[in-house]
Amino acid sequence: MQILLWLSNNLRLHDNPALNTAVELAKEYGNDARIYPLYIVDPTDPWPMQGARRWWLHQSLEKLGQTFGEYSCPISFFKGEPSDILNTLIVDATQAIICSADFCAHTEEQQAKIKTLCDSKGITCRKRSGALLFNPYTNTNKQGNIYQVFTPFYKHSVKTHPPSAPQDTPDNESLHRHLCKKSLTNSVTLNELNLLPTQNWADNFQQHWQPGEQGAQGTLNNAISDVIKQYSNDRDFPAKKGTSQLSPHLHFGEISPRQIWHTVANQLSPEDNEAFLRQLVWRDFSYSLIANWKDFPEKSFKSRFDNFNWKQNDKHLLAWQKGLTGYPIVDAGMRQLWQTGWMHNRIRMVVASFLTKHLRIHWSEGAKWFWDTLLDADLANNSAGWQWVAGSGADAAPYFRIFNPMTQSEKFDKKGAYIRKWIPELSALPDKYIHAPWEAPSVILKEANITLGKTYPKPIVDHKAARESALAAYKETNEA
Ligand SMILES: Cc1cc2nc3c(=O)[nH]c(=O)nc-3n(C[C@H](O)[C@H](O)[C@H](O)COP(=O)(O)OP(=O)(O)OC[C@H]3O[C@@H](n4cnc5c(N)ncnc54)[C@H](O)[C@@H]3O)c2cc1C
C-alpha cells in the first residue's frame, strides 16, 4: 500500500502535519503501508522559483534527503505540472495523497485537480497546513469578513485562536517501518532538477546561511539567546544583528511558525517576546490577504492605483537594482541583497519607497526583482510588503508617506557602519557626509578618494524635486 506525500513548502520532520497525517494513515493501513516523500518542481507556476531561492531549495532538499536517508528512504524528484505528475504516479497500490496547503492561487488549483483525481479513483486525499499560525479563511471579524487592517487582525487572532501547540515528530519506529526504501518510477535525481545557478553569484550565500531543518533550529536558538529580548530596541538598525533572520527558513517550511511561537513564548517573558511575536503575525496577515484576494500579487489592492501615473525608466530601474542610485542607504541595501540574498526590513522599506516614489516605478517591478534575488522571496510577504510601501495595499502606509533616504540613514545608521560595509568606496567619508556624499566639500571627497560620478554615482534624481513630483502625481490620481 502506498501513500504519496507531496512535500512542497514543508521541508522538515518536526511539526509537519502532512507527514504526521501520512504516518497515521500508514499505521491504519497496516505494516505494509509505505510513505513516498516526493518533491515537484513546477514549470507551470506563474510565479516560478528563481535564482536565489533555487540555490536554497537545492541545499534544503539535500539536507532533508539526508534526514530521510537515516531511515533509508529516498525523496523522489519530478519536474512538471503537479496534478499531471501525481496522476502518472498513481498505481493500484496507491491509497492516499497528502498535500500541504500554501494558499496561493496556482497551488490551490493544482490541489483541486488532485482532489478531483483522487475522488474519481477512490483514493484518500488530505490537505494539511503547517505553514501558518492561523487559518486564513476562517480568521474573520464579527461580521464574518476578512480583516484588512493588521491591528484588529492581530488582537483577534491572538486572543481568540492562540496558535495551537506544535505536533511531535512521528516516532522513529513508525518512520523506520513506513517510510519507503526506494524511489518512485521515473523520479530524477536532485542534481537533475538543475536548481543551482550556473553563475558564481550564489557562492557567497554559503557564508551567510545554513539551509535545512537543523540550520533553522540553530537560527531560532540564536535568536532566543541573542536577539529577541532586544528586538524592540534593535530591530530597526541594519548594522546590528537585531532581527532573527528566520525568513528563508520559514519560507521553505524548514521550521513551523507554531514552533517558533511556542518556543519563544515558553522561553521568554511576554515583555521580552511580544514585539517579536507580533511581527511574526504580520506573516499570517500577508497570507490572509493572498488567500482571500488571489490576484493580490499582480494587482494593486486599492484600484485607485491602477490609474496612477507610474513611470517606465529602464535606466533608473537598473541603477536601483545595481545599487548605483547615488543615495548611500538605498545602494547599501541593494548591494546587501545581491551579495547575501537578504535585506534588512527597515532598508526594504527605504529602497521600496525610493523605487515607487522617488523614481515612481511601479511596485511590481520592485517585487519582481526581489522575487529573483531574495532567498526568502515569498509570494504573500513580498506582495504585501511592496503594496504596503507603495500605498496600494490593505492597511498600507499612505502614498504621501515618502521615506527620506537621508533622514532614515541618519536615524538608523548614524555612524554609517551599514553603508560602509556594503559600499566600501565610501568608507573613508566622515560620518557627517556618509548619508549624502554630494554635500561634502571637494577637499573632503578628495581626501576620501571619492570622485562623484566616477567612483560613486551622483544622485540619479534630486530628492526634493522627486518628492514633489510624486506627491503631485498622487494628488492627480486622487482628483481623477
Ligand atoms: C518591500 C518588502 C518586501 C518584502 N518581501 C518579503 C519576502 O519576500 N519574504 C519575507 O519573508 N518577508 C518579506 N518582507 C517582510 C520583512 O522584511 C521580512 O520578513 C524580514 O525582513 C525578514 O527578516 P527576519 O527573518 O530577520 O525578520 P524578523 O524581524 O526576525 O521577524 C521574524 C519573522 O516574522 C515575519 N515578518 C517580520 N516582518 C514582517 C513583515 N513586515 N511582513 C511579513 N512578515 C514579517 C517573517 O517571517 C520573519 O522571518 C518584505 C518587506 C518589504 C517592506
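The values are calculated or read from the model by the stated rules, or taken from the named source; none is laboratory data. Not measured: the values here are computed from a predicted model. Please note: Cβ atoms are built from the backbone with ideal geometry, for glycine as well, and neighbour counts cover all protein chains shown. Ligands, DNA and RNA are excluded from the accessible area calculation, which covers all protein heavy atoms including side chains. Shrake-Rupley method; radii C 1.70, N 1.55, O 1.52, S 1.80 Å.
Taking a ≥ b ≥ c as the square roots of the Cα gyration tensor eigenvalues, with a/c under 1.5 meaning rounded and otherwise prolate when a/b beats b/c, else oblate, which class fits the chain? Don't jump to the answer; show the numbers that get you there.
Details: a/c = 1.93, a/b = 1.76, b/c = 1.09.
The shape class here is prolate.
How large is ³J(HN,Hα) for each residue in the stretch 245-257, as worked out from phi by the Karplus curve 6.51 cos²θ - 1.76 cosθ + 1.60 (θ = phi - 60°), to whole Hz, x for Gly and Pro?
6, 7, 4, x, 4, 5, 4, 7, x, 7, 8, 9, x
If we count every other residue with Cβ under 10 angstrom of residue 358's Cβ, Lys/Arg +1 and Asp/Glu -1, where does the sum land?
On the way: positive: 357, 360, 467; negative: 462.
Once positives and negatives cancel, what remains is +2.
Mind checking the angle between helix 17-29 and the chain's longest principal axis? C-alpha axes, 0 to 90 degrees, to the nearest 10.
0
Suppose R0 equals 51 Å. What FRET efficiency, 1/(1 + (r/R0)^6) with r the Cβ-Cβ distance, do residue 143 and residue 214 give to the nearest 0.05?
Efficiency, from the Cβ-Cβ distance: 0.70.
Using a cut-off of 13 Å between beta-carbons, work out the net charge of the residues near residue 436 (Lys and Arg +1, Asp and Glu -1, residue 436 not included).
Working: positive: 432, 458, 464; negative: 331, 410, 413, 431, 439, 462.
Every neighbour counted, the sum reads -3.
Name the cysteines of the chain that stand alone by the Cβ rule: no other cysteine Cβ under 4.7 angstrom.
73, 99, 104, 180
Taking only protein heavy atoms into account and a 1.4 Å probe, give the accessible area per residue of the stretch 2-130 in Å².
Spelled out: the 1.4 Å probe surface of the stretch 2-130, per residue, equals 36 Å².
Helix-only estimate, please: 222 nm mean residue ellipticity of the chain, summing -39500 (n - 2.57) across DSSP H runs of length 4 or more and dividing by its residues, to the nearest 500.
-14000 deg cm²/dmol
Select from 390, 443, 138 the residue farthest towards the positive end of the dipole of the chain; place +1 on Cβ of Lys and Arg, -1 on Cβ of Asp and Glu, and compute about the Cα centre.
It is 443, whose Cα lies furthest towards the positive end.
Quick check: the angle from helix 213-222's long axis to the longest principal axis of the chain, C-alpha only, nearest 10 degrees?
50
For residue 119 and residue 315 in the same chain, what is the full-extension length gain: residue separation times 0.36 nm, less their Cα-Cα distance, in nm?
Numbers: separation 196, 0.36 × 196 = 70.56 nm, distance 5.29 nm.
Full extension of this stretch gives 65.3 nm more.
Give, rounded to the nearest 20 debye, the magnitude of the charge dipole that the chain has about its Cα centre when Lys and Arg contribute +1 at Cβ and Asp and Glu contribute -1 at Cβ.
Roughly 1120 debye, rounded to the nearest 20.
To two decimal places, what compactness ratio does the stretch 2-130 give when its Cα radius of gyration is scaled by 2.2 N^0.38 Å? Intermediate values should be presented prior to the final figure.
Details: Rg = 14.2 Å, N = 129, 2.2 N^0.38 = 13.9 Å.
So the Cα radius of gyration is 1.02 times the expected 2.2 N^0.38 Å.
So for the pair residue 161, residue 472, with labels modelled 7 Å out along Cα→Cβ, what separation do we get in nm?
According to this spin-label approximation, the distance is 4.8 nm.
The stretch 175-254 to the stretch 333-366: how many Å between their Cα centroids?
The distance from the Cα centre of the stretch 175-254 to that of the stretch 333-366 comes to 22 Å.
Expressed in nm to one decimal, what extension gain is obtained for the pair residue 174 and residue 293 from 0.36 nm per residue of sequence separation less their Cα-Cα distance?
Once the chain is fully extended between residue 174 and residue 293, it gains 38.8 nm.
Any of 142/299; 127/299; 368/446 with alpha carbons more than 30 Å apart? Name them for me.
The answer is 368/446.
May I ask you to order 173-179, 439-445 by the average number of other C-beta atoms within 10 Å around their residues, highest value first?
Details: 173-179: 17.3, 439-445: 13.0.
Sorting 173-179, 439-445 by mean packing, highest first, produces 173-179, 439-445.
Just how far, in whole angstrom, is the stretch 46-115 from the stretch 378-408 if you go by their alpha carbon centroids?
33
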